[in-house]
Amino acid sequence: MWIALTYNSLVSKDQAVQSSWSDITVEYQRRIDLIPQVMAAVNVSMGFEQSLLTNITNLRTEWLSSLVNSTQENINITSQLDAELNEFLLVATGETYPDVQSIEVVQDFITVMEGTENRIAAHRIFYNDAVEGYNTAVNSFPGNIVAGMFGFEDAAYYQQGT
Amino acid sequence: MARVLRWIAVVAVVALVIGAGYLTISALFPGQPERDPGIPTIHPYVNDRADALTQYYEDWADDVCWELDQNNSCEVAVLIVNNTENYSMEYYALRTFQYNGLGKEGKDNGVLILVVTDVRSWRIEVGYGLEGILTDTRVSDLAAEYLEPYVAEENYDEGVLYLTAEIAWILVTEYDGEDAPPSDYPISFIPLTWIHWIIIAAIIIPLAIVTRGRIFWPLLWLISILTGGRGSFGGGRSGGGGASGR
């Protein structure tokens, strides 16, 4: 009975880790989807450097295709995406084009973009909480006996931005 | 010799029972990750830890939140602090919301208004269930209109009251308080699933019969200690929704 209970507990914690990771990917998707919307709204696409947009597009494609790969790979790509999106945000928020910032829709965009960034940060925290709970269960006695029997391994923490 | 063997057998059986009990309890109640130090436990509804509010306004804002809770179960809490320890304001608000479980479980209809006096900043953390009404943009606009001008002048009384009242009004008029999805727990305030209850019953009932009921109350006490109590709020969750500013 103990083996069955511990196994179920490990499975449940593993699913919590997977679920937390999928929450992060949802927020990234939401963040990426905002870009074309605001570009259409303010019609400032000609102001953006083409290379920046190309990089974001490529990273988005890479990120979407990496979702089937390891979590660590996903984390690496999201780190690159963060850098590119932050650069985009700086441009869109008027660092390069101060006139753009006065447009109301851009102000809203800034708020929403900050909101998605904050949600991603929140879900990273929850993801790491889930990983901590799972790894503790996998490594501490007596759960580690069952974990070893059924091949449960440590999950990766999301180090970036924490 | 026979007596010694009998004692060894008894000790072995007792050790086996204790060991099996330990394994079962460790599987039923796995340890929880430690909480961050310095994140406050708050009570419904207004928590002024910076002595920024006069009693009159604090009570008024508290009444507004209480009325709202009675009206449609939304839980709005106010927390005023001098600083956020060594945490970012966003992290402090998120953890405070999470540890105190603002909003009802399953509805996630809580709101935390955090004001940090040392830096005259604010953060409004919105529960999952209210993100459709209190969008990031709307929350930002509300704070810009009802809180920021007053906080800038250190007039926390009016800022907190006006913002709280406006959020309460929006929630009274726009939140329909849909029924929460069914809880995973048959007794909602005790975090044990059906399988847990069945196992506990399978242990308690035979023991109660053997001990003629004497084991029942100590075991019940042990379970209540292990499961712990919930805070005064309803166990809601947030995921970083809301806005912040100064």
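The values are calculated or read from the model by the stated rules, or taken from the named source; none is laboratory data. What you see is a predicted model; the values in this text were computed from it and never measured. No Cβ is skipped: glycine too gets one built from the backbone with ideal geometry, and neighbour counts run over all protein chains shown.
If only residues of the stretch A:111-148 that are within 9 Å of another protein chain (Cβ to nearest Cβ) and of a type in the set (Ser, Thr, Tyr) are counted, the one that is surrounded by the most Cβ atoms within 10 Å (Cβ to Cβ) is A:Thr116.
Six or more apart or on different chains, Cβ atoms under 9 Å: show the pairs whose first residue is in the stretch B:232-246 and more than 14 Å from chain A (Cβ to nearest Cβ) and whose second is aromatic (Phe, Trp, Tyr) and in a loop (DSSP other than H, G, I, E, B). Every condition considered, the pairs that remain are B:Gly235/B:Phe189.
Listed here are the residues, each with its yes/no results for (1) modelled with pLDDT under 80; (2) farther than 30 Å from A:Glu84 by Cα; (3) hydroxyl-bearing (Ser, Thr, Tyr); (4) not in a helix (DSSP H, G or I).
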{"residue": "A:Ala4", "(1), (2), (3), (4)": "no, yes, no, no"}
{"residue": "A:Val11", "(1), (2), (3), (4)": "no, yes, no, no"}
{"residue": "A:Ala16", "(1), (2), (3), (4)": "no, no, no, no"}
{"residue": "A:Ser20", "(1), (2), (3), (4)": "no, no, yes, no"}
{"residue": "A:Val26", "(1), (2), (3), (4)": "no, no, no, no"}
{"residue": "A:Gln29", "(1), (2), (3), (4)": "yes, no, no, no"}
{"residue": "A:Ile35", "(1), (2), (3), (4)": "yes, no, no, no"}
{"residue": "A:Val38", "(1), (2), (3), (4)": "yes, no, no, no"}
{"residue": "A:Ala41", "(1), (2), (3), (4)": "yes, no, no, no"}
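Residue-by-condition table, conditions (1) under 22 Å from B:Gly239 (Cα atoms); (2) surrounded by 20 or more Cβ atoms within 10 Å (Cβ to Cβ); (3) touching a Pro at 6+ places or on another chain (Cβ under 7 Å); (4) within 14 Å of another protein chain (Cβ to nearest Cβ):
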position: B:Ala52; (1), (2), (3), (4): no, yes, no, no
position: B:Trp60; (1), (2), (3), (4): no, no, no, no
position: B:Glu67; (1), (2), (3), (4): no, no, no, no
position: B:Ser88; (1), (2), (3), (4): yes, no, no, yes
position: B:Phe97; (1), (2), (3), (4): yes, yes, no, yes
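Counting residues in the stretch B:36-46 that are more than 14 Å from chain A (Cβ to nearest Cβ), over 30 Å from A:Phe126 (Cα atoms) and at pLDDT 90 or above gives zero.
Would you check if there is a residue in the stretch A:149-158 being in contact with a Gly (Cβ under 9 Å, 6 or more places away or on another chain), assigned to a helix (DSSP H, G or I) and surrounded by fewer than 19 Cβ atoms within 10 Å (Cβ to Cβ)? The answer is no, given that none of the residues of the stretch A:149-158 is in contact with a Gly (Cβ under 9 Å, 6 or more places away or on another chain), assigned to a helix (DSSP H, G or I) and surrounded by fewer than 19 Cβ atoms within 10 Å (Cβ to Cβ). Does A:Asn139 meet the test of being modelled with pLDDT under 70, of a type outside the set (A, V, I, L, M), closer than 30 Å to A:Ala4 by Cα and out of contact with any Lys or Arg (no Cβ under 8 Å at 6 or more places or on another chain)? Criteria not met by A:Asn139.
Among the residues here, B:Trp169 qualifies as surrounded by fewer than 19 Cβ atoms within 10 Å (Cβ to Cβ), among the aromatic types (Phe, Trp, Tyr) and either modelled with pLDDT of 90 or more or in contact with a helix residue (DSSP H, G or I) (Cβ under 9 Å, 6 or more places away or on another chain) (or both). Taken over the stretch B:116-129, the residue count meeting the criterion of being surrounded by 19 or more Cβ atoms within 10 Å (Cβ to Cβ) and either within 12 Å of chain A (Cβ to nearest Cβ) or within 17 Å of B:Asn100 (Cα to Cα) (or both) is 6.
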